[in-house]
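The values are calculated or read from the model by the stated rules, or taken from the named source; none is laboratory data. The model shown is predicted, which means the values in this text are computed figures rather than measured ones. We place every Cβ from the backbone using ideal geometry, glycine too, and count neighbours over all the protein chains shown. Accessible surface is based on the protein model in full, side chains and every heavy atom, while ligands, DNA and RNA are left aside. Shrake-Rupley method; radii C 1.70, N 1.55, O 1.52, S 1.80 Å.
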Amino acid sequence: METLMVDRVHGSLRLFMHRNAVFLCERLCAQFPAETNVQLLATCYLHNNQPYAAYHILKGKKLPESRYLFAMSCFRMNLLREAEEALCPVNEPNIEVPSGATGHYLLGVIYRYTGRVEAAAEQFVQALTLDPLLWAAYEELCILGVAEDANECFSEATALRLQQELTSTSNVEKSNFVNENRFLSSNVSASFGDSPKQIKQLHANTTAEVSGYPHVKSTALHMQNGAPSNLSQFDTPSPTSTQASGIAPPPLFRNMHAYQNTAGGNAPSKPKVNAPNLTLRRKYIDEAGLKKVSGRLFNQSSDSVPRRSARLSRDTTINSNSNISQFGGNGTDHSSGNRYHVVDEMWTDNVTSTSSSTSIVDGRYPEQEKSERVLSQDSKLAIGIRELMALLRTLGEGYRLSCLFKCQEALEVYRKLPEAQFNTGWVLCQVGKTYFELVNYLEADHFFELAHRLSPCTLEGMDIYSTVLYHLNEEMRLSYLAQDLVSIDRLSPQAWCAVGNCFALRKDHETALKNFQRAVQLDSRVAYAHTLCGHEYSALEDYENSIKLYRSALQVDERHYNAWYGLGVVYLRQEKFEFAEHHFRRAFQINPCSSRNEEALEMMEKAIFADKKNPLPKYQKALILLGLQKYPDALDELERLKEIAPHESSMYALMGKIYKQLNILDKAVFCFGIALDLKPPAADVAIIKSAMEKVHLPDELMDDDDDDDDEI
């Protein structure tokens, strides 16, 4: 009963009958309350979107699978602390994370959402080490901005290791299968010794279920001996010897003979082999192999050992009502007192004769065929793994570069994809996002529209698409997109982001805010929805709530530069220039090529115009110009700043950095020296000295120090 119920539960899950699976599994756990059954019930609850029910039945369980399911339930309920405790208990620091790669991935996501970026990255790397095909882990590393080059992650060495793992797993499965078969064979042999009737049943089943010969029934036994058959109870009539002249008899039946009518009590005799049939056999069997078995198969001497089929035939005819015509032949039955011996001999000789008769068919030995088949399978597996790794390398490198906002390089990588892979919803959306970051809204619109047309039910990226239409002032198309997304899935945050952008384009900020809040309510882990709420609060001049929403976005994704920029704008409007500078700088460090820098430049010019004696807006403007690689304009702004604040060390340090970019090294050293003479803060002294020492180094050798230089 338990096995049947478990099988039905799995069947219901496979067919997405989740309510049925829950019902059956609840009955299962009531009758058989084992922890493995409780795990299955928790799985059913999770599939049925009932994480609270899974949480209730798994709380306190200690098995690894139970801990993983409990952690997943907690994660779905946003109970991150309990989820972490289940995966990595504090009182058991050396315990392994359950479920291998997926367990490490879940723990990494928990670390990421709780602000522990380094620990999260470590878990994602561990997950990829255990399972190189866990794309979600590499995707998270790209979002964190710490992913290694895809050529390293999905390298040939990784492909070889994966191939070895899969091959070893396959060999273990084959070994288990062989051992099970041997165990089954030994049990069958033992059962033969106890019940001759089971021999009859085995041969009947074997005759009716030969793989590769679905048309072959028990009548094939008669065809082997070249005699006609009157077995009317079988489905398929026996072919005559002339019909079988071009067909080799299946090896399985080579050592078996037809049944005879034993109504008169006569024992079956050895069948005679006619010449045509013998010629037919010699056509397909090597002479050497034929000589080995000829003593058993074709010996017509009356002094030979009685045929094993005699015992089988007599036992069968006693227990059946079939009327079978007799074959001619002589022989006596000596098997009555040697049941175990005869059956044993029959079993071993049948295997021997079968293997010997098929060992040299077509001039190839079974071992040779088996080795060739294994090599063929291994080569196909190796080729498949290499092709998959090559595909993941291209996709991974493109996604990594796009997450680092190296947009042109990402586009070049995506163009290397095969046409079948490029023309998919995910890839087209990634290309559209890349063009969006390049402020090429027309191209972004083209690829997003193509993605939506090709895969209308793909919702990922549609929130960015709605923003593209917002910037293009395509009110009608934006309205149509919003309605389309809501009709597809009204519980998706992307749909309500599109609706919110539609109202924002009409300057109805309050209604837009309500729709963005709805998106946050549906999925609080979408950073862009929080940012859009912050934009609307900022438009309504509710700066306090705007700051809260921007910070919520950064809790979800620390590298969401739109939120950093939004905070800078809010602080700038509040005339908190130091805070504005900090947040603008963070946005610039994440995405130096963003169009937001141009907007920030306009904001700084307005701030300078409002308070011409304030040095901070001028310094921030110089930083933005530096990010836009407008070095002469940045120097001009700093020269004007020098008139207002001539003793500011950070100003001279920034001038030194600009002169280094312009390759005017003597002025760069001079400016760094003045910055040190003005006694900067202790934290800046080491940075300025390091930059001064590396003035004469080529730019390619200073890439590792860019983050330090940005703090100048």
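When the charge dipole of the range 1-166 is built from unit charges on Cβ atoms (+1 for Lys and Arg, -1 for Asp and Glu) and taken about the Cα centre, the candidate among N49, V97, A71 whose Cα reaches farthest toward its positive end is N49. The relative contact order of the range 488-600, computed from alpha carbon pairs under 8 Å that lie at least 6 residues apart in sequence, is 17 percent. Applying 1/(1 + (r/R0)^6) with r as the Cβ-Cβ distance of K689 and L454 and R0 = 45 angstrom yields a FRET efficiency of 0.20.
Reducing the range 505-542 and the range 645-699 to their Cα centroids gives an inter-centroid distance of 43 Å.
Annotation for the range 525-562: GluC sites (Glu not before Pro) lying in DSSP loop with at most 11 further Cβ atoms inside 10 Å of their Cβ are E541. For the pair E643 and S379, the difference between a 0.36 nm per residue extended length and the Cα-Cα distance amounts to 87.7 nm. For the range 1-86, the set of chymotrypsin sites (Phe, Trp or Tyr not before Pro) satisfying both a DSSP loop assignment and a count of at most 13 other C-beta atoms within 10 Å is given as F16. Using R₀ = 41 Å, calculate the FRET efficiency as 1/(1 + (r/R₀)^6) where r is the Cβ-Cβ separation of N49 and R477; round to 0.05. Once rounded, the FRET efficiency stands at 0.75. In a fully extended conformation the segment linking L491 and L442 would gain 14.7 nm over its present Cα-Cα distance, using 0.36 nm per residue.
Anisotropy class assigned to the range 89-159 is oblate, per the alpha carbon gyration tensor with a/c at or over the 1.5 cut-off and a/b no larger than b/c.
Computed extension length for D636-L4: 219.3 nm, one decimal, from 0.36 nm per residue of separation with the Cα-Cα distance subtracted.
Per residue, the accessible area of the range 1-166 comes to 52 Å², computed with a 1.4 Å probe over protein heavy atoms only. Cross-link check: pairs K406/K507; K406/K657; K576/K694; K433/K576; K618/K679 evaluated at a Cα-Cα cut-off of 29 Å; pairs beyond the cut-off: K406/K507; K576/K694; K433/K576.
Electrostatic bookkeeping for V526 treats Lys and Arg as +1 and Asp and Glu as -1; over the other residues with beta carbon under 13 Å from its beta carbon, the sum is -2. Taking 7 Å steps out from each Cα toward its Cβ at A30 and R551 produces label points 5.1 nm apart. Evaluated with a Cβ-only charge set (Lys, Arg +1; Asp, Glu -1), the range 1-166 carries a dipole of roughly 900 debye about its Cα centre, given to the nearest 20. With an 8 Å cut-off on Cα pairs and a minimum separation of 6 or more residues, tell me the relative contact order of the range 47-111 in percent. Relative contact order here is 28 percent.
Dimensions of the range 1-166 along the principal axes, based on C-alpha atoms and rounded to the nearest Å, stand at 52, 36, 27, largest first. Between L63 and Q164, the distance separating the two model label sites (each 7 Å from Cα on the Cα→Cβ line) works out to 3.3 nm.
Diagonalising the gyration tensor over the Cα atoms of the range 409-510 and scaling each eigenvalue by 5 before taking the square root yields semi-axes of 24, 15, 9 Å, largest first.
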